Each structure stands twice: as C-alpha cells, then as structure tokens.
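K.L.:
Take this structure first; my questions come after.
The values are calculated or read from the model by the stated rules, or taken from the named source; none is laboratory data. If you're wondering where the values come from, they're calculated on a predicted model, not measured in any experiment. Neighbour counts are summed over all protein chains in view; Cβ atoms, including those assigned to glycine, are modelled from backbone coordinates with ideal geometry. Each accessible area value is taken on the protein alone, full model and side chains, heavy atoms only, with ligands, DNA and RNA left out. Shrake-Rupley method; radii C 1.70, N 1.55, O 1.52, S 1.80 Å.
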Amino acid sequence: MTAASPSTPAEIAELLAFYASAGVDDALEDAPINRFAEAAAKSAERRPAPAAPPRDARPESRPASGQVPERPQASVPATPSSGLDARNIPDAPARIPAATVPDEAQALLARQLAASASTLEELRQHMAGFDGCNLKFTAKNLVFADGNPNADLMLVGEAPGRDEDLEGLPFVGRSGRLLDRMLAAIGLDRNSAYIANVIPWRPPGNRTPTPHETEICRPFIERQIELVNPKVLINLGGPSAKTLLNTTEGILRLRGNWRVHTTASGIAIPAMPTLHPAYLLRTPAHKKLAWRDFLEVKAKLKGLA
Ligand code: URA
C-alpha cells in the first residue's frame, strides 16, 4: 500500500507540521551534496590562475600506479570584514586547504585569529570569516553570544540547536527558556549575564560535535572568555566543562564543585560545572542539583562583589 502524496497546500502544510512535531527539522536533498568541494571550488575561483609550469616540470596527467596524487591546496580565505587572514599573521601556515575537515593547520589558524582579536566585535568578525570548521557550512548562522559582555557571570553551553541556529543567538529554544528561569531564580537575566557556546555553529541534526570540531573552535571560546573576563564562569553540561576545565571527568562528578578556568594570559576564573538545561528537561529529578549549583554561584558572586 502506498500513501498518496500530498498535493494541496493544506495537505503539504499538514505533512510538514507532522514532520516538525516528529523532530524532522532538516530538509535534505535526495542526493548528497559535497559542500566542502563546493566551498573549495569557490575558493579556488577566487585565486588567480597560476602560471603554467615549464613542460618538463608538469606532473603526469595520471599518477603512476600505486601513487596518490597530491591534494590541491587552496589558500586560506580572507576574512573580508576584518581584512585579516593567515597571510597577515606571523608564522601562519602559508597554504591551508580551505573548508576541509578540520586539521591541525586550521586549529593553528583559529588560535592565531582568536589571539589577534582585541575586542569581542573583532573576535566575532574573525569567527564569521573563518572557514576552517566544517560545521559553518551546514549552519544558517554564527551563534556568537547573547547577554551583557560586562556581566560578572558568563555561562558557556555546548553548541547551538535548531532554534539558536535560526535566530543566531544562544539558548533561545526550550532549554534556553529553562536557563532563563534558572538565572531568574538567582536574580539574574540576560542583562546581567553573558551566554555563549563552545561551538558557535549548529552541528547538523544536533549531533555531538567531534573532538576535531571542538579543538578547532576551542581558541575562539577561550578568547571570548578572556575578553569578557567574568568574575565567575558556569559550564553548562559535560562538553563545556571538559573542554574549558581540561578534564575527562563526567559532569555528574564534576558538578557542584568549584574549578578554575585559566585563560591564555594566566587569569584564573572560578568555574562551576553544572547540569545542562536540556539534560534537566529530560531528567527533571536532577533540577535540585542544578539549583544547588546556582545557589553556590550566587553566593560566590556576592562574595566577590
Ligand atoms: N544547547 C546549548 O548547549 N547551547 C545552546 O545555545 C542551545 C542549546
């Protein structure tokens, strides 16, 4: 038996509503599209064509059997908004394949771009122009931050979800609404706290970011923390805690205990790892643990005032 395809606008709307309620929020083509190849091709188009090498210097058109042809290298794309690119950075790797799976060269470039940002706006521009993390090519928006950059408290989550990707702001979906209530419970809101994520681009289908993607993005969030220089940091969930507190311990062991996040310039920021709001939505019995952690933070902020 085959289901009839929807044909009227009302039927199509009904089917889409069904998909959305079932959690299907990504529209994919029937055939896969290699976005990395597209981005690399665009980047190659922007480069001037190299002068043809002398005939005897040209490689054979086909590699000898058993030899792997060398991968073409694309230069690092410039960040148009800032005018900064790898060529302006001392010791930057000269040629980095653009928009490929993250590798050490891209991580190095991310570290150099992050370190060269002297304001949050510069950092945002560098991140917007950075093509070294594959997540950027499936995300709709860069999710940089929300809240008050002069706040005493900074909270860092894992990565944006669908709602955050659509709005370009962190924690605006269901877990964001719970986070707002948790902040309100200690007398804070988005005017008195600053919120960001370890990963600023939504992983497709909300999958867990890979360790490579996390390493690529780590310098940006570390610099963001350094520039905000909050009095207290809250790590929302295990990935944020593990990445920023350099630990492999699980969040249920970590939470509730003060740790320290040390910035590149050596500033030690007290950090409270706690349970992620999305986890609390699934495990409401643990809300009381997060509540205790937030009370700890409130007391710490009072003590530091
Ligand atoms: N979960 C996160 O970790 N960050 C967001 O911004 C939203 C959900």
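K.L.:
Tell me the helices (runs of 4 or more DSSP H) entirely within region 154-271 that contain at least 3 residues that are open to solvent by less than 20 Å² (accessible area, probe 1.4 Å) and within 15 Å of the ligand (Cβ to nearest atom). Show your work before the answer.
P.N.:
Numbers: elements: 162-167, 174-185, 211-228, 238-245, 251-254.
Answer list for region 154-271: 174-185, 211-228, 238-245.
K.L.:
Moving to a separate point now. Checking the condition touching a Leu at 6+ places or on another chain (Cβ under 9 Å) and more than 20 Å from S118 (Cα to Cα), which residue from L227, L244 passes?
P.N.:
On the way: L227 fails: more than 20 Å from S118 (Cα to Cα).
Unique residue meeting the criteria: L244.
K.L.:
Might you let me know whether region 210-220 holds any residue that is within 30 Å of Q112 (Cα to Cα) and touching a strand residue (DSSP E or B) at 6+ places or on another chain (Cβ under 6 Å)? So that I can check it myself, show each step before the final result.
P.N.:
Taking region 210-220 first, the residues within 30 Å of Q112 (Cα to Cα) are 210-220.
Of the ones still in play, those that are also touching a strand residue (DSSP E or B) at 6+ places or on another chain (Cβ under 6 Å) are none.
Looking for residues that are within 30 Å of Q112 (Cα to Cα) and touching a strand residue (DSSP E or B) at 6+ places or on another chain (Cβ under 6 Å), one finds none in region 210-220, hence no.
K.L.:
Of all residues in region 272-305, which are under 20 Å from D152 (Cβ atoms) and open to solvent by less than 50 Å² (accessible area, probe 1.4 Å)?
P.N.:
Matches in region 272-305: M272, P273, T274, A290, D293, F294, V297, L301.
K.L.:
Next question, about the same structure. Starting from residues that are of a type in the set (A, V, I, L, M, F, W, C) and farther than 25 Å from L120 by Cα, keep the ones in region 272-282 and report whichever is nearest to the ligand (Cβ to nearest atom).
P.N.:
Residues of region 272-282 of a type in the set (A, V, I, L, M, F, W, C): 272, 275, 278, 280-281.
Then keep just the ones that are farther than 25 Å from L120 by Cα; that gives 275, 278, 280-281.
Values: L275: 12, A278: 6, L280: 12, L281: 10 Å.
So, considering only residues that are of a type in the set (A, V, I, L, M, F, W, C) and farther than 25 Å from L120 by Cα, the one nearest to the ligand (Cβ to nearest atom) is A278.
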